[in-house]
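The values are calculated or read from the model by the stated rules, or taken from the named source; none is laboratory data. Everything quoted here is computed from the prediction, not taken from an experiment. With ideal geometry, Cβ positions are generated from the backbone for all residues, glycine too; neighbour counts draw on all protein chains shown.
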Amino acid sequence: MKKIMIIAIVATASTFVACKKERTCTCTYNNSGSSNTYTEITTYDKTSKKVARNSCTSGKSYDQAHPADIQTRVCDLK
């Protein structure tokens, strides 16, 4: 009975522990004023998926000097 209880506690506790491992974020940038694109790869060591996902985000940014130029960032976390 004690063995079953210990196994159940360990199994329950392991579900709360985040799996920390190496994760790779690949972002592709496109500028609206140019046909150039470039790719940036960032590696996160021993990081939970949630933390890496918060850092690896897609979106748009605007250049204050050239408001018509929009930079689009598309990211993929693996």
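PHE16 passes every criterion in (1) at pLDDT 85 or above; (2) loosely packed, with under 14 Cβ neighbours inside 10 Å; (3) among the aromatic types (Phe, Trp, Tyr) apart from (1). Looking at segment 28-50, can you tell me whether even one residue there is exposed (fewer than 10 other Cβ atoms within 10 Å of the Cβ), charged (D, E, K, R), part of a helix (DSSP H, G or I) and modelled with pLDDT of 80 or more? The answer is yes; a qualifying residue exists.
Cβ-Cβ contacts under 7 Å between residues 6 or more apart (or on different chains), taken from a first residue in segment 67-78 that is free of Cβ contacts under 8 Å to residues at least 40 places away in the same chain to a second residue that is assigned to a strand (DSSP E or B) and surrounded by 14 or more Cβ atoms within 10 Å (Cβ to Cβ), are listed as ASP69/ASN31. Taking the criterion of being modelled with pLDDT of 85 or more and either loosely packed, with under 13 Cβ neighbours inside 10 Å or in contact with a helix residue (DSSP H, G or I) (Cβ under 9 Å, 6 or more places away or on another chain) (or both), no residue of segment 61-73 qualifies.
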